[in-house]
Amino acid sequence: YLLPPPSSDGFIQCLTENIPSDVIFTPGSANFTGVLVSTIRNSRFLPLANDTTTERLRRPICVVTVRDASHVQAAVRCGRATGVRLRVRSGGHDYEGLSYRSVRPAEAAFAVVDMAGLRAITFATDGELYWAWVDSGATVGELYHAIGKRNTGLAFPAGVCPTLGVGGHFSGGGIGSMMRKYGLSVDNVVDAKVVDANGDLLGSRDAMGEDLFWAIRGGGGESFGVVVSWKVRLVRVPSTVTVLRITRTVAQGAVDAVTKWQHVGPTLPDGVNMEVLVQGQQAVFQSLYLGTCHHILPTIVSRLPELNATAADCKEMTWLESMAFMNFGDTNTTALLDRSTGPNFFKNKSDYVRRAIAKRVWLEIFTNWLAVNGSGQLILEPHGGFVGAVPAGATPYPHRSGVLYNIQYVASWSAGDDDSSSAAAMNWIDGLYEFMGRHVTKSPREAYVNFRDLDIGQNTVVNGVSAFRSGKVWGHKYFGSSNFRRLATVKGKVDPTDYFRNEQSIPPLLQSN
Ligand code: FDA
């Protein structure tokens, strides 16, 4: 059935009758704005006083800071009954802010379900294998810290930024500095708990069925339900790992080094992940190796002599320390628990490369795109190894065999910058993305759902549901055509009336499509 016309009062009333009032924040509550902005990671979307632009925040009618799965269930049931949709937020990193804002005037009545208070982490083992149950509101930094403090021989493959929310990050895949050895986060998820569109708690993989379990592991957040908790398989790491960071300027041969890296990064031994951060007139080659410096150094020297790597470029530490070091430049692991972030204004886009980009193009990138006003950063993440060996249909993440690397374009500016700085940064990323179209994957031009970009397409709603046809435009880029169709089929089964939806949610594939 389709939703009734929205009743904000009815929704709040229903919540009040079903969950503790101290988890319900309405615009009248003293802490409403503080709670709402608590994990808005992209300052572009922070509310301004008297703001009327759609770019920023369309305010929700309330924020529910859930502490228990039953609170999530109540929010879904009340929302269905009173015509109020939900936006679900775990860590708040969505690049387009879709976990707390709606771009659509038609869906003005929505509430935010904030998972940050639902963040327990518990461990299990059979003596040989180790698992953790982690709630969606935990950050990856909290997960890393809990694992590393418990057992220095264990770890989990996920993104580097410690404030990433487990809920959104895992929902979209989770690429990180151990993926060449152990795959994405979702390649290591073995069970989950989901609240579905009826408000029922599906407490295990068996209860939800294999199709839904497949879809939540990379099909993008919020299309299928609210994932409350994930069971992950922990991976083994040695007691010493090595971080190797080498900077090459254009004058020192950065163009040659990046050109060659395209072949080397994806074919190094699986235990080493060498990403490249390209900015201004330099490239930083940052590697995490699961082992000691003297084991990996000869390989790097022989495969990429352009870097002139020496033992002085290595820093050995524990895996947990490396997670802190790669973020903060020091090994203080307590910092992984810090949920605060400074103001960050950014716009990101992504591409995948399957055929190495020619040296003359890299030269052009450095000369024409990285030495201009508004220029930002390119982050190159090597694939190959384990992440490339997983079949494209095993999870919704299709960018597997044959992918050399992912490119993330980052345009950013500061709070004090005037409008012309943000305009220059936005022009830069749009122009570069257009230029790169000739040099990256085509038909589809692949993109990573966790690097969400509304410019590549948005759903239109036809007869009350998101249209499959409009979803294909962006969906084939994120998931490939067959994974996208499978996701839409699962959506058609578990949420045929499209309760869980946003501008880029999976549309239900129904008979009439
Ligand atoms: P947020 O809470 O904003 O949720 C993102 C999406 O998932 C939204 O659509 C939301 O509704 C949905 N969602 C959230 N919780 C849900 C739940 N429990 N159930 C169902 N749906 C849910 N990515 C990566 O792969 N590797 C990396 O290294 C990085 N690094 C990185 C650094 C920084 C600074 C940023 C801002 C982002 C990244 N990312 C990344 C991208 C990141 O993985 C992506 O933004 C995730 O969606 C973030 O998850 P959060 O829970 O923090 O976001």
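All of the numbers you see were taken from the coordinates with simple rules; none came from a lab. Owing to the predicted nature of the structure, the values given are computational and were not obtained by experimental measurement. Here Cβ is always computed from backbone atoms with ideal geometry, including for glycine, and neighbour counts include all displayed protein chains.
Data table
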quantity	calculated
Unit charges on C-beta of K, R, D, E only; dipole of the chain, Debye	960
Cα-based helix-to-principal-axis angle, 481-494 vs the chain, degrees rounded to 10	30
Karplus 3J(HN,Hα) series, Hz, for region 66-82 with 6.51 cos²θ - 1.76 cosθ + 1.60 (x for Gly, Pro)	4, 10, 8, 4, 5, 5, 5, 4, 5, 4, 5, 5, 5, x, 5, 6, 10
Amide H contacts under 5 Å for CYS62, placed H, 5+ residues apart	VAL112
Net dipole in debye of region 138-233 [+1 Lys, Arg Cβ; -1 Asp, Glu Cβ; about Cα centre; nearest 20]	580
Relative contact order %, region 194-290, counting alpha carbon pairs below 8 Å whose residues are six or more apart	27
Long-range tail of P(r) for region 436-513 (Cα pairs > 15 Å, %)	52
Angstrom value of the Kirkwood radius, inverse mean 1/r, which spans all Cα pairs in the chain	23.4
For region 135-262, fraction of C-alpha pairs farther apart than 23 Å, in %	42
Packing rank of 409-415, 259-265, where each peptide gets the mean count of other beta carbons within 10 Å, highest leading	259-265, 409-415
Size of electric dipole in region 74-172: Cβ of Lys, Arg +1 and of Asp, Glu -1, about Cα centre, debye, nearest 20	400
P(r) weight above 17 Å for region 100-155, C-alpha pairs, percent	53
Calculated [θ] (222 nm, deg cm²/dmol) that DSSP helices of n ≥ 4 give over the chain, each run adding -39,500 (n - 2.57)	-8500 deg cm²/dmol
Kirkwood Rh and Cα Rg combined as Rg over Rh, evaluated for region 331-475	1.01
Crossing angle, helix 419-436 versus the chain [Cα axis fit, 0-90 degrees, rounded to tens]	70
Under 5 Å, built H, 5+ apart or other chain: amide partners of ARG85	ALA111
Backbone HN-Hα couplings from phi across region 311-319 [Karplus 6.51/-1.76/1.60, Hz, Gly and Pro as x]	4, 5, 7, 8, 10, 9, 6, 7, 4
Degrees separating the helix 468-479 axis from the principal Cα axis of the chain, which is the longest one	30
Relative contact order computed over region 357-502 (Cα-Cα under 8 Å; 6+ residues apart), in percent	21
The chain, relative contact order in percent, only Cα pairs under 8 angstrom and at least six apart counted	14
